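Encoded as structure tokens, the structure appears first; notes follow it.
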Amino acid sequence: MELESVLHFLENKTILVTGATGFLAKVFVEKILRCQPNIKKLYLLLRATDTESVSHRLHHEVFGKKLFKIQRDKWGEKFSSFLSEKVVAVAGDVSLHNFGIKDQILIEEMLEEIDIIVHSAATTRLDERFDVAMDTNTMGAYNAINFAKMCHKIEFFLQVSTAYVCGEAKGQIPEKPFLMGQTLKSSSELDINLEKQLIMKKLSELQSQNANQETITSIMKEFGTIRANLHGWPNTYVFTKAMGEMVVTNMKGNIPLIITRPTVIIGTLSEPFPGWIEDVRTIDYVFVEYFKGAITSFVGNPKITADLIPVDMVTNSMIIAMLVHSKNNTSNNLIYHIGTSLRNPIKLSEIQDIMHLYITKNPWLKNYGKSGTLYEKFTFNPNYTEDLEFPHYKGSRLKRIMNMYRPYLHFEGIFDDKNTEKLRMAIKGVGSVERKFNLDPKSIDWKEYLVNVHFPGLLKYSMQPKM
Ligand SMILES: NC(=O)c1ccc[n+]([C@@H]2O[C@H](COP(=O)([O-])OP(=O)(O)OC[C@H]3O[C@@H](n4cnc5c(N)ncnc54)[C@H](OP(=O)(O)O)[C@@H]3O)[C@@H](O)[C@H]2O)c1
């Protein structure tokens, strides 16, 4: 497979991307525009009420980001006209039929032109309100696959899921699809329509009690956790993402479906440049709070393998998965775990050592000695229960945050990635493709990446303006 064949595959394609203001989809869009400027068109679905606000979001929250620096430098003054030629921002909401797009002419054009749909939009809040998570992650997937089925020449539907749809599984976790109604507890039965009815019932009960928004939010969050736990998932996010997978798998019909399941996505390894990160999230909160001197310990079993994956490897895997499927013309191997725990594992104990090594050399706080001796070594502690204000989450107690992250910092599973390995094999030995679309976890030198790329990236792109 030559580099040309990858680039040729993307040439003249029209791709609809949902969730393009988000972290992952933005990196995907940047890569596509950089590696194949002869793409025909990118429809970017953004949440907005009108064309003015959608255009504002597109320019500020997508192309205004430093992530697009290389593109801006390359195109210079022509960058705006390049974007106007290639990118169409569409105001829409995945929780609505036809994404709530009002312009019928635009819908017809999209249905006529789209070759590929990359559905990345989601609410990624672990303890999201059940109604919001159901509408976004499950019904969003339903609306997106329905839209795909109406497209005249659709080639692929790529659903971005998460590796943690497996719940708190242990051992080697296979890349296996969900059956409709499957749960993680043998004692429970799952009916998505029933879950939707329960949500409606709960909401109407709350309305009849004249509950205020704060109460409704709190009860709907709790309700999501209860229903997720009942069926064996640790939180509402992964429960509704798993149901999203069930829906697209069940409804895909003849459409080739690719489901990618990334693990914990962190900053870029190398492209478009090393260390880019959108903002502080997931395990990065722990790094940042420690580097800021706010915490020296957090809940977690130091013996477990943490599965972190740089975002550019995720987007490369998405592109190569589509390419390989197009060449093989097959609907097999549709689930891809995208992580590192099998091929290049790193334990939490090693991460805590690397955190200390980094911060003693690069203290973030000015009043900490240059030698960094004041930074106590960080520890992941299985029994840690301290109840502190967690500075990054306004008004949130550390205990609540720890409870949310606890399953992931005690996670004893390893993500098998046989299908993703086949993608690596497909491009193996073709130096230019392997370099340009690196998806090999073994190429990550964890100490080098964390100390010299990811941690400085966290400081530079997400913390600097606030410090
Ligand atoms: N980040 C990770 O570590 C990770 C790991 C595994 C899997 N994933 C999956 O990867 C995908 C992307 O995650 P991410 O980290 O990029 O998330 P993110 O930064 O939170 O972005 C989510 C995107 O979805 C959009 N969205 C949410 N609700 C929507 C709605 N009703 N209609 C239209 N758009 C909506 C958001 O738009 P607004 O800007 O309007 O909110 C945003 O653009 C998700 O499917 C997630 O489940 C992420």
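Taking the stretch 239-385, how much of its Cα-Cα pair set, in percent, is spaced more than 23 angstrom apart? Working shown, then result.
On the way: 5475 of 10731 pairs.
The answer is 51 percent, as a whole percent.
Residue-normalised convex hull volume from the C-alpha trace of the stretch 92-178: 100 Å³ per residue. Each principal axis of the Cα cloud of the stretch 192-294 was taken in turn, and the coordinate range along them, longest first, works out to 52, 49, 23 Å. In this structure, the amide hydrogen of residue 378, modeled 1.01 Å from its nitrogen in the peptide plane, lies closer than 5 angstrom to those of 356, counting only residues at least 5 positions away or on a different chain.
Note down the magnitude of the dipole of the stretch 1-137 about its Cα centre, charges +1 on Lys and Arg C-beta and -1 on Asp and Glu C-beta and zero elsewhere, to the nearest 20 debye. Walk me through the numbers before you get to the answer.
Values: 18 positive and 21 negative charges, 138 e Å.
For this selection, approximately 660 debye.
Go through 153/252; 196/422; 26/460; 176/327 and tell me which ones have a Cα-Cα distance over 26 Å in this structure.
Details: 153/252 14 Å; 196/422 38 Å; 26/460 18 Å; 176/327 22 Å.
196/422, as the Cα separations exceed 26 Å there.
The spread of Cα positions in the chain, taken along each principal axis and listed from longest to shortest, comes to 62, 59, 44 Å. Could you compute the longest span of the chain free of GluC sites (Glu not before Pro) located in DSSP loops and having at most 14 other Cβ atoms within 10 Å, not counting the site residues? Longest site-free region, per DSSP loop and neighbour criteria: 190-375. Rounded to two decimals, the Cα radius of gyration of the stretch 164-236 over 2.2 N^0.38 Å is 1.33.
Of the beta bridges in the chain, as assigned by DSSP with both residues counted there, near 10 percent are antiparallel. Computed over every Cα-Cα pair of the stretch 148-197 and binned at 5 Å starting from 0, the pair-distance distribution P(r) comes out as 4, 13, 17, 20, 19, 14, 9, 4, 1 percent.
For the stretch 17-66, the convex hull drawn through the C-alpha positions has a volume of 73 cubic angstrom per residue. Along its first, second and third principal axes, ordered by size, the stretch 1-101 spans 41, 30, 23 Å in Cα coordinates.
Taking a threshold of 30 Å on the Cα-Cα distance, which of the pairs 69/442; 65/149; 40/447 fall above it?
Details: 69/442 28 Å; 65/149 33 Å; 40/447 40 Å.
Distance filter (> 30 Å) returns 65/149; 40/447.
Express the C-alpha Rg of the stretch 94-241 as a ratio against the empirical globular expectation 2.2 N^0.38 Å, rounded to two decimals. Don't jump to the answer; show the numbers that get you there.
Numbers: Rg = 17.1 Å, N = 148, 2.2 N^0.38 = 14.7 Å.
Scaled against compact globular proteins, the figure is 1.17.
From the P(r) of the stretch 50-146, could you give the percentage of C-alpha pairs in the tail past 17 Å?
Details: 2914 of 4656 pairs.
I get 63 percent for the Cα pairs in the stretch 50-146 exceeding 17 Å.
Around residue 434, what is the net charge, scoring Lys/Arg as +1 and Asp/Glu as -1 over all other residues with Cβ under 9 Å from its Cβ? Provide the component values of the computation, followed by the final result.
On the way: positive: 424, 428, 435, 436; negative: 440.
Combined, the nearby Lys, Arg, Asp and Glu give +3.
Values quoted throughout were computed directly from the atomic coordinates according to the rules given, and no laboratory measurement underlies them. Predicted model, so just to flag it, every value in this text is computed and none were measured. So basically every Cβ, Gly included, is an ideal-geometry build from the backbone, and we count neighbours across all protein chains shown.
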